[in-house]
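Heads up, the thing below is written out as structure tokens.
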Amino acid sequence: MKILVTGGAGFIGSNFIRYMREVYPDLFITNLDKLTYAGNLDNLRDLEGDSHYRFVRGDICDLQIVNELMSARPDAVIHFAAETHVDRSIHEARSFVETNVLGTYCLLEAAREQRVERFVQISTDEVYGSLPPSGRFTEETPLSPNSPYSASKAAADLLVRSYVHTHRFPALITRCSNNYGAYQFPEKFLPLMINNARLGKKLPIYGDGENVRDWLFARDHCRAIDRVMRKGRVGEIYNIGGHNEWQNIEVARLVLKELGKPESLLQFVQDRPGHDRRYAIDAGKIGKELDWKAETKFEDGLRWTIRWYLEHEAWLDQVTSGDYRTYYERMYAKR
Ligand code: NAD
Ligand code: DAU
């Protein structure tokens with residue numbers, strides 16, 4: 001069996017490739033990634049020289065390269081590649097529209113042309129918008145994206161849906177909650193908190209810090225995607241989440257406690273414009289149909305993750321050098 005993964009040099013994509021190589025020794029994986037600021041070949045350095053793994057640098061908006069890879073007729077395409085950071089989408093949305101919408105279109109067209117038999121669109125719970133203090137997102141919750149990022153992901157989902165409906169294209173969609181684990185770029189909340197805490201820098205908490213996210217260990221997400229790819233029903237949407245809700249301020253405090261750092265490092269800063277208050281996933285459908293559930297307890301996964309970043313300080317220092325600094329200076333100058 002051979003699969004094409006897009007965006008495999010990023011956070012979840014690299015975890016997924018590593019997971020699949022571990023679990024399926026005979027599987028061949030091609031990874032198409034543009035290597036934006038978020039993509040990093042160091043995330044898969046351990047697979048260098050692996051005869052079952054091939055990296056291709058390229059843009060999913062480039063139909064020539066996409067057609068070429070699809071003509072190898074992969075058994076499945078797992079589409080992770082995206083611009084993913086909400087704050088960036090608030091400052092500059094064009095690359096989100098290009099990659100997340102146009103890029104998904106290019107993949108769909110090429111996959112349809114080559115009669116690819118399975119296409120998994122990796123989407124997000126953010127397409128559903130924000131929740132009040134109670135209730136959970138189900139697959140029937142209406143789409144109500146609030147940021148340019150989530151709007152571009154929702155647009156991609158609708159394109160995928162239209163190809164299923166119009167062309168009988170064999171696609172499935174997954175919508176997962178917030179992931180945490182190794183190799184997450186430290187502009188995202190958890191690795192940012194860990195990195196700042198280890199350096200004794202302030203931890204920026206948006207607004208009142210009471211926004212709620214539903215955290216899932218990346219490896220549990222990878223296991224769910226594998227199930228959906230192999231056993232999911234074509235045309236279906238599967239929500240994925242850990243029933244594990246925490247306020248941001250609670251998570252930041254856990255990080256400080258684990259690192260033995262003082263709470264005086266917490267710094268409340270101006271809120272994110274349009275900040276979604278709460279996400280929570282009802283993962284009942286994937287549980288019932290595909291026998292999946294989150295296995296990693298948050299406290300264990302968090303401790304493991306913190307240790308991972310502390311043991312990979314060189315990785316953190318490398319990805320937070322150069323453009324990263326310029327980005328943060330620009331972000332905070334605007335606040
Ligand atoms: P990430 O930002 O860490 O990685 C994205 C990867 O896509 C990078 O390697 C980047 O180089 C690549 N990429 C970007 N534009 C590209 C293009 N035009 N062509 C080819 N490659 C390109 O992202 P992530 O957090 O690993 O998220 C992966 C997917 O999962 C995304 O589709 C995201 O919407 C979805 N998702 C993420 C989370 C989360 O908590 N991180 C939760 C649910 C869903
Ligand atoms: O829910 C899935 C989504 O989770 C994915 O689709 C996105 O790609 C991913 O980035 C993530 O989106 P969030 O906006 O929830 O993640 P982020 O890490 O940016 O922020 C998590 C929470 O922490 C959110 O409420 C904003 C807050 N935050 C974030 C940063 C970067 C802070 O308080 N301070 C910060 O510095």
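The values are calculated or read from the model by the stated rules, or taken from the named source; none is laboratory data. These numbers were taken from a predicted model, which means no experiment stands behind them. Here the Cβ positions follow ideal geometry from the backbone for every residue, glycine too, while neighbour counts run over all protein chains shown. For accessibility, only protein heavy atoms count, side chains too; no ligands or nucleic acids. Shrake-Rupley method; radii C 1.70, N 1.55, O 1.52, S 1.80 Å.
Data for the structure
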read-out	value
Estimated dipole of the range 1-140 in Debye, rounded to 20 [Cβ of Lys and Arg +1, of Asp and Glu -1, Cα centre]	200 debye
Amide H contacts of Gly129 (H built 1.01 Å from N, under 5 Å, at least 5 apart or other chain)	Ser144, Asn146
Highest to lowest packing among 123-130, 94-101, scored as the average C-beta count within 10 Å	123-130, 94-101
14 Å beta-carbon shell around Pro262, net charge (K/R +1, D/E -1)	+4
q = 0.12, 0.14, 0.15 Å⁻¹, the chain: log10 I(q)/I(0) [Debye, one scatterer per Cα]	-0.83, -1.16, -1.36
Placed amide H near Cys176: partners under 5 Å, 5+ positions off or other chain	Ser123, Thr124, Asp125, Ile240
Among 305-313, 26-34, 225-233, the order from most to least packed when residues are scored by Cβ within 10 Å on average	26-34, 225-233, 305-313
Point-charge dipole on Cβ atoms (K/R +1, D/E -1) for the chain, about Cα centre, debye to 20	180 debye
Cβ-based charge dipole, the chain, positive-most Cα from Gln270, Leu35, Tyr238	Tyr238
Accessible-area ranking of Trp246, Trp292, largest first, probe 1.4 Å	Trp246, Trp292
Peptides 263-269, 2-8 ordered by average Cβ neighbours within 10 Å, highest first	2-8, 263-269
Dipole of the chain, positive direction: furthest Cα of Gln64, Val160, Thr104, with charges on the beta-carbon	Val160
Whole-Hz ³J(HN,Hα) from phi, Karplus 6.51 cos²θ - 1.76 cosθ + 1.60, for the range 38-52, glycine and proline x	8, x, 8, 5, 5, 5, 10, 4, 5, 9, 4, x, 6, 5, 9
Listed pairs Lys231/Lys297; Lys153/Lys288; Lys34/Lys297; Lys2/Lys153 exceeding 28 Å between Cα atoms	Lys34/Lys297
DSSP bridge pairs, the chain: antiparallel proportion in percent, nearest 5	10 percent
The chain - percent of accessible surface contributed by carbon and sulfur, probe 1.4 Å	49 percent
The chain: calculated mean residue ellipticity at 222 nm from DSSP helix runs of at least 4, using -39500 (n - 2.57)	-12000 deg cm²/dmol
Computed over the chain: relative contact order in percent, which uses C-alpha pairs under 8 Å that are six or more apart	17 percent
Gaussian network model of the chain, Cα within-10 Å springs - most flexible of Leu172, Leu131, Leu203	Leu131
Dipole of the chain, positive direction: furthest Cα of Phe55, Ala314, Ile194, with charges on the beta-carbon	Ile194
For the chain, accessible area per residue (1.4 Å probe, heavy atoms of protein chains only), Å²	44 Å²
Charged-residue dipole, Cβ positions (Lys, Arg, Asp, Glu), the range 89-177 about Cα centre, Debye nearest 20	180 debye
